[in-house]
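Input: a single structure, listed below in structure tokens.
Please treat every number below as a calculation from the coordinates, not as lab data. Since this is a predicted model, take the numbers as computed values, not measurements. Heads up, the Cβs are rebuilt from the backbone with ideal geometry, glycines too, and the neighbour counts pull from every protein chain shown.
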Amino acid sequence: MATLISRFTDAKRVVIKIGSSLLVDSKNGRLRRDWLIALSQDIAKMRRRGQEVLVVSSGSIALGRNILGLKNAPLRLEESQAAAATGQIQLAHAYQEILALENIPVAQILLTPGDTEERRRYLNARSTITTLLSLGALPVVNENDTVATIEIRYGDNDRLAARVAQMISADCLILLSDVDGLYTADPKSGAEAKLIREVSELHDDILAMAGKTKTDVGRGGMETKLKAAQIAMAAGCNMFIASGTIPHPLQALEDGANSTCFIAYDTPRKARKKWIAASLSARGRLVIDKGAEKALNSGKSLLPAGVIKVEGPFERGDLVMVTNCEGQDLGRGLVAYSSEDAECIIGHKSGEIEEILGYSGRNEMIHRDELALN
């Protein structure tokens, strides 16, 4: 148990997903304020030991429908969007007010599927979130239900949380829900059900254990949680399913409460490099000098000063090949500049980039975490 829990307590970057049924009282449609206060105290403890925390929160529609008096179920799409627009204000204010009690600054981020699937938007979202974390803020992320439609929406925040964890290279994802883990059978069915504490492979027998159940205010179920686990594990992110129905759920998890840990195949850094190495099509090529080649082989990033030729066209975030002067293929990576801007800064020191381009970009042409050498 101690080894499993250390995958949470030792994680540098943690994403916490909170379901609607935890935040909103199903009887009166109001925010469970005392529960959120207790959670914020758990998060403050995590931050004090040096962990970066991001929250993916449901709840805007559940709160908004109560404010607008929408009693019918299910809601029509336009009613869900209206409820989200109304409830999101209350939800964001609650996070800001309650986390302020722990002196934690909060930032709100609304995402649609395109923000994690389309490369340019993905890069912008990733950059914004990582900058907020570096500045000590706690990002609170939700699907942008006010504009999402049936065709484009994630459909549940479990998978959204997994995509966000993948985006920011999180070490651990915790799905807080009304269930305390994965069981061999539905524990509410009356059948003998045993808790599975550790999953290292999502084989067919595990996937078959997913039920179709969902709460009155949420869209998720065990099926969506296992789909989230597939995304997280492949991204090098350990994932926990744990109960959030009790006060201080993160402290309870740390103390050994029931949970299921899905163990990642690699670290986020290794998983990302494997993805880069396996990508089939490169958009361009960077030719580097001997000094840069030596630097890459010692684990450093590729700087503009070490690039002697650019072949494109490509855009920021595209995959490019890296070769030496003899044409030898050294590896591939995600480039921080378009080919047009790269042409302007090659051979120059990083400190000259702002003067040359008119804006302050990254110091590296390709960061070492975005580079997979052969």
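So for segment 7-67, averaging the separation of alpha carbon pairs under 8 Å that are six or more residues apart and normalising by length, what relative contact order in percent results? Could you put the intermediate results ahead of the total?
Numbers: 66 pairs, mean separation 30.8, N = 61.
Reported relative contact order: 51 percent.
Among Leu173, Ala271, Gly361, whose Cα sits farthest toward the positive end of the charge dipole of the chain (+1 at Cβ of Lys/Arg, -1 at Cβ of Asp/Glu, about the Cα centre)?
With unit charges placed on the Cβ atoms, the residue in question is Leu173.
Would you mind computing Rg(Cα) / (2.2 N^0.38 Å) for the chain, counting N as its residues?
Values: Rg = 22.5 Å, N = 374, 2.2 N^0.38 = 20.9 Å.
Scaled against compact globular proteins, the figure is 1.08.
Could you work out the percent of alpha carbon pairs in segment 236-307 separated by over 21 Å, rounded to a whole number? Working shown, then result.
On the way: 1459 of 2556 pairs.
The proportion of pairs with Cα distances above 21 Å equals 57 percent.
Ignoring everything except DSSP H segments at least 4 long, calculate the 222 nm mean residue ellipticity for the chain; use -39,500 (n - 2.57) per segment, divide by total residues, nearest 500.
Working: 15 runs with 146 residues, N = 374.
About -11500 deg cm²/dmol.
Starting from the coordinates of the alpha-carbon atoms of segment 279-373, obtain the Kirkwood hydrodynamic radius over all distinct pairs and give the value in Å to one decimal.
12.8 Å
Which value, in debye to the nearest 20, describes the size of the charge dipole of segment 2-268 about its Cα centre when Lys and Arg Cβ atoms bear +1, Asp and Glu Cβ atoms bear -1, and nothing else is charged? Working shown, then result.
Numbers: 30 positive and 31 negative charges, 99 e Å.
Dipole about the Cα centre, nearest 20: 480 debye.
Considering only DSSP states other than H, G, I, E and B, which trypsin sites (Lys or Arg not before Pro) in segment 303-374 qualify as loop sites with at most 14 other Cβ atoms within 10 Å? Present the calculation step by step, with values, prior to reporting the outcome.
Numbers: sites: Lys309, Arg316, Arg332, Lys349, Arg362, Arg368; in loops: Arg316, Lys349, Arg362.
In loop regions of segment 303-374 (DSSP not H, G, I, E or B), the sparsely surrounded trypsin sites (Lys or Arg not before Pro) are Lys349.
Taking the Cβ of each residue in Asp156, Asp186 as the centre, tally the other Cβ atoms inside 10 Å and list the residues starting with the fewest. Before the final figure, lay out each step's value.
On the way: Asp156 22, Asp186 16.
The most exposed by this proxy come first: Asp186, Asp156.
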